[in-house]
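The values are calculated or read from the model by the stated rules, or taken from the named source; none is laboratory data. Only a predicted model underlies this, so the values are computations on that prediction, with no experimental measurement involved. We place every Cβ from the backbone using ideal geometry, glycine too, and count neighbours over all the protein chains shown.
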Amino acid sequence: MQGGPIPPAISAGFEVHQWRNAIAILASVHVSEWNDILRVLGSFVLRKSYIDKGGGRKSKVSAALDTALYSLGWQEKKFDTAVVVDGVTYPSPTHKVDCYKGKVGLEVEWNNKDPFFDRDLNNFRLLFELRAIEVGVMVTRCDELQAVFDGLGRGDSYGQSTTHMSKLLPKIEGGGAGGCPVVVFGIRSALYDPNS
C-alpha cells in the first residue's frame with residue numbers, strides 16, 4: 001500500500017500510503033486537484049504554536065490545511081443524497097467532506113477520537129458508490145510525532161485512542177473505504193518547526 005510517484009519533498013515530510021491506485025488516478029485524471037494537494041502539503045510546516053496548546057472545535061493544523069485548500073477553490077461540501085424505491089424517497093444523509101473539488105474529497109484528522117476514521121472512510125465509500133467522489137484523501141499524523149508531543153508536555157492529549165497513522169491503516173486495509181481509491185498522508189516530525 002506504499003505511495004507511488006510523488007515529489008521527494010513530499011516523501012521527506014509525509015508518510016504516504018495508497019489503496020486502489022489512488023495516486024495514479026489523481027495524477028492522471030484529477031491533475032488540478034493533485035497539484036493543489038501537492039502545493040498545500042509542500043508548503044505545510046508543523047508549527048510549535050499549532051500543538052503546544054489545546055484547541056477548540058477545529059485544530060490549528062486542520063485549519064491551516066483547510067484554509068490553504070479553500071484559497072485554491074476547494075470547499076466544505078455536504079451532499080444531499082437519497083434512495084428512491086418505487087417512487088418513495090428515503091433521505092440518506094452523508095457526513096460533510098472537509099475539502100472537496102472536482103470529485104476529490106479530502107479529510108484532515110489531526111487529533112480526534114479514532115472512530116472519526118471509520119466515519120470518514122465510510123463516507124468515502126458511500127460517496128464513491130454514488131459517483132459523487134472518485135478519490136478520497138486523508139491527512140493525519142505519523143506515530144513518530146508522539147516524541148514531539150511528549151517533549152512539549154502534551155503527550156497525554158495525543159493518546160493511543162486518537163487519530164494517527166497506525167490507527168488508520170488497518171481500517172483501510174480492512175476495507176473501510178470499500179472500493180473507493182484512497183491516498184493517505186501522515187505528517188512526519190521532519191515538518192516540525194520548534195521556533196514558530
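The conditions are (1) farther than 16 Å from Met138 by Cα; (2) without any contact (Cβ under 8 Å) to a residue 12 or more places away in the chain; (3) not aliphatic (A, V, I, L, M), and Asn35 fails exactly one of them. Which is it?
Condition not satisfied by Asn35: (1).
Restricting the search to region 69-123, which residues are among the aliphatic types (A, V, I, L, M) and out of contact with any strand residue (DSSP E or B) (no Cβ under 7 Å at 6 or more places or on another chain)? Before you say what the answer is, go through the steps one by one.
First, the residues of region 69-123 that are among the aliphatic types (A, V, I, L, M): 69, 72, 82-85, 88, 97, 104, 106, 108, 121.
Those that are among the aliphatic types (A, V, I, L, M) and out of contact with any strand residue (DSSP E or B) (no Cβ under 7 Å at 6 or more places or on another chain): Leu72, Val84, Val85, Val88, Leu121.
Pull up region 28-60, narrow it to residues that are modelled with pLDDT under 95 and in contact with a Phe, Trp or Tyr (Cβ under 6 Å, 6 or more places away or on another chain), then point me to the one that is nearest to Glu109 (Cα to Cα).
Ser59
Return the total of residues in region 97-115 being assigned to a strand (DSSP E or B) and either in contact with a helix residue (DSSP H, G or I) (Cβ under 9 Å, 6 or more places away or on another chain) or buried (at least 21 other Cβ atoms within 10 Å of the Cβ) (or both). Talk me through it step by step, then tell me what you get.
First, the residues of region 97-115 that are assigned to a strand (DSSP E or B): 97-101, 104-108, 113.
Filter once more, keeping what is either in contact with a helix residue (DSSP H, G or I) (Cβ under 9 Å, 6 or more places away or on another chain) or buried (at least 21 other Cβ atoms within 10 Å of the Cβ) (or both): 97-101, 104-108.
The qualifying residues number 10.
Suppose we keep only residues that are part of a loop (DSSP other than H, G, I, E, B) and among the acidic types (Asp, Glu) within region 62-96. Which one would you say is farthest from the chain's Cα centre (by Cα)? Explain how you work it out, then say what you get.
Kept after step one, since they are part of a loop (DSSP other than H, G, I, E, B), are these residues of region 62-96: 71-74, 78-81, 86-87, 92-96.
Narrowing further to those that are among the acidic types (Asp, Glu): 80, 86.
Numbers: Asp80: 22, Asp86: 37 Å.
If we take residues in region 62-96 being part of a loop (DSSP other than H, G, I, E, B) and among the acidic types (Asp, Glu), then Asp86 is farthest from the chain's Cα centre (by Cα).
Return the residues of region 162-196 that are out of contact with any helix residue (DSSP H, G or I) (no Cβ under 8 Å at 6 or more places or on another chain) and within 17 Å of Val108 (Cα to Cα); say none if nothing qualifies. Step through it out loud before you land on a result.
Here is the first cut: in region 162-196, the ones out of contact with any helix residue (DSSP H, G or I) (no Cβ under 8 Å at 6 or more places or on another chain) are 162, 169-170, 173-175.
Across region 162-196, the qualifying residues are Thr162, Leu169.
Has region 150-159 got at least one residue that is within 24 Å of Pro194 (Cβ to Cβ), in contact with a strand residue (DSSP E or B) (Cβ under 7 Å, 6 or more places away or on another chain) and either of a type in the set (D, E, K, R) or at pLDDT below 95 (or both)? It would help to see each step written out before you state the result.
Start the filter on region 150-159 by keeping residues that are within 24 Å of Pro194 (Cβ to Cβ), which leaves 150-159.
Narrowing further to those that are in contact with a strand residue (DSSP E or B) (Cβ under 7 Å, 6 or more places away or on another chain): none.
For region 150-159, residues within 24 Å of Pro194 (Cβ to Cβ), in contact with a strand residue (DSSP E or B) (Cβ under 7 Å, 6 or more places away or on another chain) and either of a type in the set (D, E, K, R) or at pLDDT below 95 (or both): absent.
Has region 129-136 got at least one residue that is outside any strand (DSSP E or B), of a type in the set (A, V, I, L, M, F, W, C) and closer than 21 Å to Ala68 by Cβ?
First, pick out the residues of region 129-136 that are outside any strand (DSSP E or B): 129-134.
Checking which are of a type in the set (A, V, I, L, M, F, W, C) leaves us with 130, 132-133.
Those still in the list that are closer than 21 Å to Ala68 by Cβ too: 133.
The answer is yes; a qualifying residue exists.
Kindly provide the set of residues from region 42-61 that are closer than 28 Å to Asp156 by Cβ and assigned to a helix (DSSP H, G or I), ordered by number.
We begin by selecting, within region 42-61, every residue closer than 28 Å to Asp156 by Cβ; these are 44-61.
Result: Lys48, Ser49, Tyr50, Ile51, Lys60, Val61.
Check whether at least one residue in region 12-22 is part of a helix (DSSP H, G or I) and under 17 Å from the mean Cα position of the chain (by Cα), and report yes or no.
Narrowing region 12-22 to residues part of a helix (DSSP H, G or I): 12-13, 22.
From the residues that got through so far, the ones that are under 17 Å from the mean Cα position of the chain (by Cα) too are 13, 22.
Taking every residue of region 12-22 in turn, at least one turns out to be part of a helix (DSSP H, G or I) and under 17 Å from the mean Cα position of the chain (by Cα).
Results for (1) in contact (Cβ under 8 Å) with a residue 12 or more places away in the chain; (2) closer than 16 Å to Ser62 by Cα; (3) assigned to a loop (DSSP other than H, G, I, E, B); (4) polar (S, T, N, Q), shown as yes or no for each residue.
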| site | (1), (2), (3), (4) |
| --- | --- |
| Gln146 | yes, no, no, yes |
| Gln160 | no, no, yes, yes |
| Lys167 | yes, no, no, no |
| Val184 | yes, yes, no, no |
